Amino acid sequence: MESCNCIEPQWPPDDLLMKYQYISDFFIALAYFSIPLELIYFVKKSAVFPYRWVLVQFGAFIVLCGATHLINLWTFTVHSRTVASVMTTAKVLTAAVSCITALMLVHIIPDLLSVKTRELFLKNKAAELDREMGLIRTQEETGRHVRMLTHEIRSTLDRHTILKTTLVELGRTLALQECALWMPTRTGLELQLSYTLRQQNPVGYTVPIHHPVINQVFSSNRAVKISPNCPVARLRPAGKYMPGEVVAVRVPLLHLSNFHINDWPELSTKRYALMVLMLPSDSARQWHVHELELVEVVADQVAVALSHAAILEESMRARDLLMEQNVALDLARREAETAIRARNDFLAVMNHEMRTPMHAIIALSSLLQETELTPEQRLMVETILKSSNLLATLINDVLDLSRLEDGSLQLDLGTFNLYAVFREVLNLIKPIASVKKLHVSLNLAPDLPEYAVGDEKRLMQTILNIVGNAVKFSKEGSISITAFVAKLDTLRDSKAPEFLPVLSDNHFYLRVQVKDSGSGINPLDIPKLFTKFAQNQSTGTRNSGGSGLGLAICKRFVNLMEGHIWIESEGLGKGCTAILIVKLGMPERVNESKLPYVPKMPTNHGQTAFPGLKVLVMDENGVSRMVTKGLLLHLGCDVTMVGSSDECLRLVSYEHKVVFMDICVPGIDSYGITIRIHEKFSKRHERPLLVALTGNTDKVTKENCMRAGMDGLILKPVSLDKMRSVLTDLLEHRVFFEAI
């Protein structure tokens with residue numbers, strides 16, 4: 001046997017052992033390669049693990065070991081049986097331990113993540129929470145400052161106070177070194193330094209609005225950091241200090257258009273103002289995001305407050321203008337009322353003063369007409385009477401038109417006989433038409449109500465005026481008067497769209513058409529006929545007479561009766577048709593429509609006289625007193641004349657049947673005399689009838705007469721026929737009030 005230091009003879013390789021080694025090396029390599037993957041996963045999930053470099057180094061070592069075992073698969077040589085057994089045992093143990101380690105790491109990594117790193121995890125989370133809470137507190141602080149600033153800004157609507165308060169509050173909230181507001185000039189080409197925080201009196205320094213920095217700020221709706229050396233940022237005198245950061249933000253200036261005091265105006269952004277904010281000098285402080293947001297919000301709030309202030313200023317300006325207009329209108333109204341009162345007083349005085357001499361002219365002319373006259377003299381007297389009556393009609397027309405224009409004339413509504421109105425018009429117009437040999441016909445529709453509710457006097461005056469014009473402007477031929485209830489299709493006139501009648505059960509619309517064969521009218525002249533003092537200027541009618549007030553008054557009467565009037569004519573020489581529509585009411589009680597017709601004034605009294613009738617006449621005017629006496633004496637009355645109230649009270653007795661008193665005599669209280677006469681005669685049948693003789697045509701006079709207890713009222717002038725009719729009605733009905 002050879003020495004012991006010799007290498008034992010190698011055993012031939014055993015296939016089974018070799019298979020075990022190969023398998024063991026494979027699993028060892030697999031475990032070595034999986035462990036680093038698990039460590040990488042652990043490091044990734046545990047972001048706060050403090051020894052990452054150790055784990056990286058350990059992973060690299062394991063990878064190298066695994067690579068060594070993997071290489072051994074291709075470097076096997078023949079060994080002795082003992083070495084092979086030891087290597088096999090070691091590899092088997094290494095494989096087992098490696099696999100167990102790999103499996104254990106899978107189970108302990110979650111525990112390591114939850115236990116070993118919890119403290120650092122909580123610290124990181126606490127730090128994040130602190131940052132979030134700080135951000136929330138900052139936002140709340142910003143919101144509080146915004147609310148405070150908004151409240152301060154909106155506590156007033158004065159533009160200057162708003163801007164000054166904004167600078168003060170921003171300077172206090174943000175601890176600013178300076179804050180300024182640049183406003184656009186009137187031309188819009190420059191920005192002017194208008195408000196500053198520290199300087200009490202801004203110097204009015206201007207900067208061109210097209211400066212690049214200004215354009216940069218105006219083009220953004222955010223706060224923009226600008227250079228402290230920019231012209232708009234030079235808010236402090238030059239010195240040896242480090243200027244703080246400066247930001248600028250635009251402030252929209254809302255422009256009002258289409259302003260109405262009862263509606264919200266249109267707002268549009270036309271120009272911008274510039275707000276510049278500077279941090280304290282020689283400090284390391286910088287602008288934070290929440291501070292910039294605060295500045296932007298405040299700029300928007302200032303824009304809203306300025307728009308409200310602009311609306312208030314505009315509304316106050318409109319209110320002041322409206323108040324000035326109201327004052328001017330009130331002054332104009334008072335002046336107009338004064339002028340109207342002066343005109344009415346003048347017309348009232350002139351009415352009385354004109355009617356008094358007219359009374360003498362008409363009365364004496366009518367008396368003269370009763371005497372024996374030559375044909376030439378009678379023609380003269382008739383001309384005097386005709387001219388006097390025309391003048392009296394003109395006076396009435398002027399007074400009616402005056403009261404219509406100032407609105408003092410109101411309709412005297414009552415139930416009247418509609419048929420009787422047309423018969424009276426026909427009876428009054430026929431004598432005049434017969435002189436010109438004109439045939440006048442009246443056609444009343446069967447469905448026309450006999451009685452109606454309205455102003456009988458004004459309706460008759462309107463119809464009589466229209467028919468009178470037809471007679472006046474017709475030399476031959478005929479005149480037809482047609483009246484019927486207007487249907488809805490005949491109510492509308494395309495030339496008068498403003499006339500919108502509405503039918504109902506308690507009223508109807510009366511349509512009257514007066515057609516003549518007279519001289520006709522030029523269609524171009526028709527619109528002028530209803531204006532004051534307008535006359536048809538055609539050659540054939542130039543000398544027909546008239547004042548040009550008739551149709552103007554008729555139109556106003558028709559308007560008061562909620563109607564419409566117009567004239568149709570095909571031209572000169574072709575006649576014309578006058579059409580009027582008025583609204584009348586239906587009688588409420590049935591028995592009213594069954595009342596018998598009683599004419600208001602007899603049309604022919606013949607030679608009726610009143611022999612022996614004792615009459616007392618009180619009139620201060622000697623001429624008027626003499627004229628009235630002449631009328632009464634001609635009618636056979638026994639007349640006593642007095643010129644004062646005391647004399648009237650002394651002479652009036654039971655023998656007197658009628659007392660005529662001029663109630664417009666200066667210095668005489670006719671109403672007081674009436675009351676005293678009532679006291680003197682306690683029994684009504686013993687008291688004489690008290691009749692007022694006046695030239696006043698206002699309703700107040702009539703109401704005062706009735707209130708004082710008078711039995712009648714007569715308007716001057718009075719002709720012989722009128723006096724005869726008055727005495728007849730007065731003695732028959734014991735009352736007579738002439739319509740005013």
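The values are calculated or read from the model by the stated rules, or taken from the named source; none is laboratory data. The shown structure was predicted, so the numbers you read here are calculated from the model rather than taken from an experiment. Cβ coordinates were reconstructed from backbone atoms using ideal geometry, including for glycine residues, and neighbour counts include every protein chain displayed. Ligands, DNA and RNA are excluded from the accessible area calculation, which covers all protein heavy atoms including side chains. Shrake-Rupley method; radii C 1.70, N 1.55, O 1.52, S 1.80 Å.
Stretching Arg423 away from Thr577 to a fully extended chain increases their span by 53.4 nm, per 0.36 nm per residue minus the current alpha-carbon distance.
When the GluC sites (Glu not before Pro) in segment 373-478 are filtered for DSSP coil states and for at most 13 other beta-carbon atoms within 10 Å of their beta-carbon, the remaining sites are Glu476. Applying 1/(1 + (r/R0)^6) with R0 = 51 Å to the Cβ-Cβ distance of Asp345 and Tyr205 gives a FRET efficiency near 0.15.
Volume of the convex hull of segment 407-514 (Cα atoms only), normalised per residue: 142 Å³. In this view, the solvent-accessible surface of Asp646, computed with a 1.4 Å probe and all protein chains in place, comes to about 110 Å².
With the simple spin-label model, which puts each label point 7 Å out from Cα in the Cβ direction, the Asn326 to Glu588 separation comes to 4.0 nm.
Taking Cα centre as origin and charging only the Cβ of basic (Lys, Arg, +1) and acidic (Asp, Glu, -1) residues, the dipole magnitude of segment 611-740 rounds to 220 debye. Sorting Arg423, Arg458, Arg285, Arg131 by accessible area puts them as Arg131, Arg423, Arg285, Arg458; the probe is 1.4 Å, largest comes first, and only protein heavy atoms count.
Hydrodynamic analysis of segment 288-383 uses the Kirkwood radius over alpha carbon pairs. Inserted into Stokes-Einstein at 4 °C and 1.567 mPa s, it gives a translational diffusion coefficient of 61 µm²/s.
A straight chain from Asn506 to Ser434 at 0.36 nm per residue would run longer than the Cα-Cα distance by 22.0 nm. Here segment 330-365 and segment 421-463 have alpha carbon centers that stand 31 Å from each other.
Heavy atoms of the protein chains alone define the surface here; on that basis segment 629-740 has 42 Å² accessible area per residue at 1.4 Å probe size. If you take the beta carbon distance between Met242 and Glu140 as r and set R0 to 25 Å, what does 1/(1 + (r/R0)^6) give as a FRET efficiency, to the nearest 0.05? Using R0 = 25 Å, I get an efficiency of 0.20. Potential lengthening of the chain between Glu132 and Thr531 amounts to 134.9 nm, from the contour at 0.36 nm per residue minus the alpha-carbon distance. Here Ser315 sits with roughly 30 square angstrom of accessible surface, probe radius 1.4 Å.
Summarising the label geometry, the points placed 7 Å from Cα in the beta-carbon direction at Asp489 and Ser283 lie 9.3 nm from one another.
Across the accessible surface of segment 262-381, with the other protein chains kept in place and a 1.4 Å probe, carbon and sulfur atoms take up 60 percent. Remark: spin-label model distance Ser478-His733 equals 3.6 nm, labels positioned 7 Å along the Cα→Cβ axis.
The H on the amide N of Phe610, modeled in the peptide plane, is under 5 Å from the matching H of Gly636, Cys637, each at least 5 residues off or on a different chain.
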